[in-house]
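The values are calculated or read from the model by the stated rules, or taken from the named source; none is laboratory data. Because the structure is a prediction, the values reported are computed rather than measured. With ideal geometry, Cβ positions are generated from the backbone for all residues, glycine too; neighbour counts draw on all protein chains shown. These accessible areas exclude ligands, DNA and RNA; they are computed on the full protein's heavy atoms, side chains included. Shrake-Rupley method; radii C 1.70, N 1.55, O 1.52, S 1.80 Å.
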Amino acid sequence: MPVENGIGAAVRRKEDQRFITGNGNYLDDMNKVGQAYGYFLRSPHAHAKINGINLDAAKAAPGVVDIFTGADMAADGIGGLICGWGITSKDGSPHNAPPHNSMAIDAVRHVGDQVAFVIADSLQQAKDAAELIDVDYAELPPVTDISRALSGGAPQIHEEAPGNVCYDWELGDKDAVDAAFASAAKVSKIDLVNNRLSPNPMEPRAALGEFDPGSEELTLYTTSQNPHVARLIMSAFLAIAPENKLRVVAPDVGGGFGSKIFVYAEETVTVWAARKINRPVKWTADRSEAFMTDAHGRDHVTHAELAMDDEGHILGFRVSTKANLGAYLSTFASAVPTYLYGTLLNGQYKIPSIYVEVLAGFTNTTPVDAYRGAGRPEATYVVERMMETAARDLNMDPTEFRMKNFIQPDAYPYETPVIMTYDSGDYPANMNAAKGLIDYAGFAARKAQSEANGKIRGIGCAAYIEACGIAPSAAVGSLGAGVGLWESAEVRFNPTGSVTVFTGSHSHGQGHETTFAQIIADKLGVPIESVEVVHGDTDKVPFGMGTYGSRSLAVGGSAIVKAVDKIVEKSKKIAAHLMEAAVEDIEHEHGVFSVAGTDKQMTMGEIAFAAYVPHNYPEDLEPGMAENAFYDPLNFTFPAGTHIAEVEIDPNTGVVDIVDWAASDDFGNIVNPMIVEGQVHGGVAQGIGQAMLEGVVYDDESGQLLTGSYMDYCMPRADDLPSFKIDTTGTVCPSNPLGVKGCGEAGAIAAPAALMNAITNALGKDIDMPATPEKVWRAANA
Amino acid sequence: MYSFDYERPSGVNDAAASLGEDDKVLAGGQTLLPTLKLRLAQAGKLVDLSGIDELKGISSNGSELSIGAMTRHVDVADSAEVRSAIPALADLASHIGDAQVRNRGTIGGSVANNDPAADYPSALVALGATVHTNKRSISAEDFFVDLFETALEEDEIITKISFPVPESAAYAKFPNPASRYALVGVFVAKTSGGVRVAVTGAGPCVFRQSDMEAALSSDFSSSAISGISTDASGLNSDIHASAEYRANLVSVMAGRAVDAAS
Ligand SMILES: Cc1cc2nc3c(=O)[nH]c(=O)nc-3n(C[C@H](O)[C@H](O)[C@H](O)COP(=O)(O)OP(=O)(O)OC[C@H]3O[C@@H](n4cnc5c(N)ncnc54)[C@H](O)[C@@H]3O)c2cc1C
């Protein structure tokens, strides 16, 4: 019998009441007694040497508490920011990791680079004082375009990275691929640009540092997706404070999309400065700072080739990518264009051999790191634009071409040539479901109708795959990750039967307070109203690796299940004692413990009470009802599916109208279908944003950011989007106890390729993202 | 934002009298306040016009529609008088920015600002409107001088705009996908004095497309202008659109406006 609000119920999100009534607790809502305000003086230049910084006039300005520079931090023994994933180049050398100071010491390398931190009694005073700082810059020529940065003669950005190269990485069997191409009957080729994106969470980043001189404890309140990882890095590498003296709290966080995974300069400076001035200090980014300094996403240039036999079976796949990492290596930047990208280039297909090489480099731009999908949207874009092109070259229906090459449902576990083992799936089922939803068969008639109206209609699909639930610690460790990627949970019953769940996952909009409560309700029969989910505080939660890569349910949820299993085990012993039965005879279902073959039973609440008031209690058992678990996944999970977009183009203006959208996603088991649907909507919206609207633009000559506000950076709005037709035909994930795969990024991964395939299908020629009206108009009228 | 003084007078003359060299009048604040917040501008004093009743309101006498400078976009969009006299003007106002902007932004502020991508300037020029100030009356074509530049003097305050009621009119806007200002907007008006076609967004300042006006005067149909192109050489080029694309949009939007006005 299903439990009320249990697994599978479309429960309304518990947390939304607080959010939509303005009672969320976001960082900028917090204020501490005696708090000062911090403001960063930032570089107006993309590339310059700093000959000197004169702070005298600024320090004398009204209200100024103190002003710090990178030299002050270095003198205090504070280290630079780190990149936590080591990548090895083709020649066996480690990636080039130039210093990444929290504030510039002798040079600035992108517009917005931190130069000084001004602390004053008010923000206005801090800004006024910043204008009095005299920085002696010697401007250097900048480069923002990755191809130019990596070609000879470009300005050199770091001494430690000759030719601006970070690494030259490869994966796969080059010889096997060369042989496949040599024997191919047909070769298709494509050149692609994956545009640079600004993450744009609704809440800008912020940090509040506080020092307690009595306990010598430092507290950093910050907008983070993974506060424990932030603490670990700040302690171990920056020496801000020992881990036991540093508390990191990430309260309600208003969106992240990956951009709040990373440890940023502003956080480290703010918390360090709080101790220096012995006063709480708060910094909140304004939107202009967010555009300049939140780590960007994507920015790849790729050439890909596909070898096929004369019947259209794929023989081999060759991919060469240049990846722009920005001015400095952000926390996980190195992993995104390598192990989160190259390993997914197999897509949903039987591809005997794959070879990918990635040349990653530095430019005078904002650092680039994980952004919703992180590597997998880039991979899907290459694979699915390639499949579409191949089908067109073969004059074959693109869905038929895919069907012909799909890995079949009976082929799992399936090992790809790029080191992944897919665990379950039914790709033809998702393809067929999506085709049914959009009436694929009726497209020709609709196209004719559009043509009669002077419009051009197109249809395109993307059969994406991604790797979520990151990740088995041993596997990522062997590939260069500096951390393990398990998750922790504690399930704590209170004596009166309510439950507090402590999770190392971090919700910044995903709805964990509801989903995780549903798991407890389902497994232990506790009403979701009686379940409190606590996250985001290193003093409360045992440890946590945080939320990204659609890992919270598959990894964090599995840790909760593991803790629940321990609760059940202990409860059985208490129940056996109280009901005078053998432990083996105790049966458990949804929080009811019964003696097999009798009508004797006890509820979870009664047992929890007995555990805390152990007047009649098993001698050999500890009192209390709280269990901890750490869960390390066995494998990645592999959500997959097909999205199909249908568009109508006005050739007079180039305006693309997305007339229909169908998505069939295999997310494994689903805990809350309403939340899943919301995640798909949001993901697809972001993917459509990338394909048609968004794009960070730098002036390559001056290095200035041209898309520094919403006047110029185009975010998708509700009226840019169609109504989505969504289906979740799925296969159970065999590698975690919940059977779940993850859904947070799928939409952003599938949508760009699906939409660009539809647009290029209509146009009959390729264009790059974003497909702006002008680009489409030019292609339609060329 | 740098600090400033603030005044809220109740009469236009008081307002004008208190305007010093470094001071600015404040209408809906939709342009002025963001500029101040970003420290791109500084004002010694803000003279808030919102307390001046004579600057608000809409009236019509059948041949002329008059709109007070402090009338908000939402009030123009929703006004029964505007809808019956010049429906195209109400339609234009209803597509400015978003609801928040329309609830604060004013016609006087928009016209005084003369943003090259603003919507209203095209309506004023196409309809042959007159801008009335505390000092004089200025024809729309003389009023809009150049990029963000108008005929207004330092202490001059717009009091109202008067529009002769046309036979028919329509506005076609191609919004900039990011800002939703006009990438190109074309206002076409058929008036007793002839047809006027005014273009905003495309160039540094609103301008009349005289080739189209001539063609439409003899044949008011979109086919009459289908072959007329606009010289791209003086048009804006930026990351959103090239001059050539803008020139194309002038033709397309003009055709749509004529169809809507026919
Ligand atoms: C998000 C956003 C979207 C927008 N989209 C559009 C759009 O699609 N189309 C469009 O046309 N506009 C758009 N705008 C601009 C909007 O229409 C503003 O209302 C307008 O630019 C300024 O009007 P305001 O009343 O807010 O004036 P304010 O910002 O208060 O003032 C603007 C300038 O005019 C001066 N001024 C104001 N009133 C007078 C007066 N009576 N006499 C003399 N000088 C005066 C002020 O001193 C100031 O220099 C948008 C604005 C925003 C913020």
Every residue in segment B:170-201 that is open to solvent by 20 Å² or more (accessible area, probe 1.4 Å), over 14 Å from the mean Cα position of the chain (by Cα) and not basic (Lys, Arg), please. B:PRO175, B:PRO177, B:SER179, B:THR191, B:SER192, B:GLY193, B:GLY194
Matching residues in segment A:702-718 (over 24 Å from the mean Cα position of the chain (by Cα) and either facing chain B (nearest Cβ under 8 Å) or at pLDDT below 95 (or both)) number 3
Here the residues within segment B:228-246 that are within 14 Å of chain A (Cβ to nearest Cβ), part of a loop (DSSP other than H, G, I, E, B) and not charged (D, E, K, R) are B:SER229, B:LEU235, B:ASN236, B:SER237, B:ILE239, B:HIS240, B:ALA241, B:SER242
Select from segment A:462-483 the residues that are modelled with pLDDT of 95 or more and more than 14 Å from A:MET420 (Cα to Cα) and list them in ascending order. A:ALA462, A:ALA463, A:TYR464
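Yes/no per residue for (1) surrounded by fewer than 23 Cβ atoms within 10 Å (Cβ to Cβ); (2) hydroxyl-bearing (Ser, Thr, Tyr):
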{"residue": "A:ALA120", "(1), (2)": "no, no"}
{"residue": "A:SER147", "(1), (2)": "yes, yes"}
{"residue": "A:GLN156", "(1), (2)": "yes, no"}
{"residue": "A:ASP175", "(1), (2)": "yes, no"}
Might you check whether a residue that is over 23 Å from A:THR496 (Cβ atoms), open to solvent by less than 50 Å² (accessible area, probe 1.4 Å) and in the same structural domain as A:SER552 (by TED's automatic domain parsing) occurs anywhere in segment A:596-609? yes
Look through A:VAL115, A:VAL108 and report the one residue that is over 24 Å from the mean Cα position of the chain (by Cα) and either farther than 27 Å from A:LEU359 by Cα or surrounded by fewer than 17 Cβ atoms within 10 Å (Cβ to Cβ) (or both). A:VAL115
Residues (of a type in the set (Val, Ile, Thr) and in contact with a helix residue (DSSP H, G or I) (Cβ under 8 Å, 6 or more places away or on another chain)) located in segment A:6-52: A:ILE7, A:VAL11
Note on segment B:29-41: residues part of a helix (DSSP H, G or I) and either more than 6 Å from the ligand (Cβ to nearest atom) or open to solvent by 50 Å² or more (accessible area, probe 1.4 Å) (or both) are B:LEU33, B:PRO34, B:THR35, B:LEU36, B:LYS37
Just need a number here: residues in segment A:266-289 that are within 14 Å of another protein chain (Cβ to nearest Cβ), part of a helix (DSSP H, G or I) and either open to solvent by less than 30 Å² (accessible area, probe 1.4 Å) or within 13 Å of A:GLY38 (Cα to Cα) (or both). 1
With a cut-off of at least 3 residues that are more than 14 Å from chain A (Cβ to nearest Cβ) and out of contact with any Gly (no Cβ under 9 Å at 6 or more places or on another chain), name the strands (runs of 3 or more DSSP E) lying wholly within segment B:106-188. B:130-133, B:144-146, B:168-175
Selection count, segment A:31-51, where residues are farther than 22 Å from A:GLY703 by Cα, assigned to a strand (DSSP E or B) and open to solvent by less than 50 Å² (accessible area, probe 1.4 Å): 2
Check on B:SER222, within 13 Å of chain A (Cβ to nearest Cβ) and surrounded by 14 or more Cβ atoms within 10 Å (Cβ to Cβ): yes
Among the residues of segment A:84-94, which ones are in contact with a Phe, Trp or Tyr (Cβ under 9 Å, 6 or more places away or on another chain) and open to solvent by 30 Å² or more (accessible area, probe 1.4 Å)? A:THR88, A:LYS90, A:SER93, A:PRO94
Is it true that B:THR159 is within 30 Å of B:ALA43 (Cβ to Cβ) and either within 13 Å of the ligand (Cβ to nearest atom) or hydroxyl-bearing (Ser, Thr, Tyr) (or both)? yes
Quick one: is A:PHE19 surrounded by 18 or more Cβ atoms within 10 Å (Cβ to Cβ), of a type in the set (Phe, Trp, Tyr) and at negative phi? no
Can you tell me which residues in segment A:734-782 are part of a helix (DSSP H, G or I), within 14 Å of chain B (Cβ to nearest Cβ) and of a type in the set (Ser, Thr, Tyr)? none
Flag for A:THR515 being in contact with a Leu (Cβ under 7 Å, 6 or more places away or on another chain) and farther than 25 Å from A:THR338 by Cβ: yes
What do you reckon, is A:ARG12 part of a loop (DSSP other than H, G, I, E, B) and open to solvent by 60 Å² or more (accessible area, probe 1.4 Å)? yes
If you check every pair at least six apart or on different chains, which have Cβ atoms under 6 Å apart with a residue in segment B:95-122 that is within 20 Å of B:ILE157 (Cα to Cα) and aromatic (Phe, Trp, Tyr) first and a residue that is open to solvent by less than 40 Å² (accessible area, probe 1.4 Å) and within 6 Å of the ligand (Cβ to nearest atom) second? B:TYR120/B:SER110
List every residue pair whose Cβ atoms lie under 6 Å apart, where the two residues are 6 or more positions apart in sequence or sit on different chains, the first residue falls within segment A:643-658 and is away from chain B (no Cβ under 11 Å), and the second residue, located anywhere, is among the aromatic types (Phe, Trp, Tyr). A:ALA645/A:TRP661
Find all pairs meeting these conditions: Cβ atoms under 8 angstrom apart; at least six residues apart or on different chains; first residue within segment B:145-168 and open to solvent by 50 Å² or more (accessible area, probe 1.4 Å); second residue away from the ligand (no atom under 14 Å from the Cβ) and of a type in the set (Asp, Glu). B:PRO164/B:GLU64
Looking at segment B:42-101, which of the residues that are away from the ligand (no atom under 13 Å from the Cβ) and in a loop (DSSP other than H, G, I, E, B) is surrounded by the most Cβ atoms within 10 Å (Cβ to Cβ)? B:ILE86
Selection within segment A:255-288 - charged (D, E, K, R) and over 18 Å from A:LEU220 (Cβ atoms): A:ASP286, A:ARG287
For B:SER192, only one of the following conditions fails: (1) modelled with pLDDT under 95; (2) closer than 30 Å to B:ASP23 by Cβ. What is its number? (2)
Has segment B:202-218 got at least one residue that is within 11 Å of the ligand (Cβ to nearest atom) and either surrounded by fewer than 24 Cβ atoms within 10 Å (Cβ to Cβ) or among the small types (Gly, Ala, Ser) (or both)? no
Go over the candidates A:GLY454, A:GLY425, A:GLY497, A:GLY484 one by one and state the one that is in contact with a helix residue (DSSP H, G or I) (Cβ under 6 Å, 6 or more places away or on another chain) and at positive phi. A:GLY497
Within segment B:9-28, is there a residue that is of a type in the set (Lys, Arg), away from the ligand (no atom under 11 Å from the Cβ) and either at negative phi or touching a residue at least 12 places away in the same chain (Cβ under 8 Å) (or both)? no
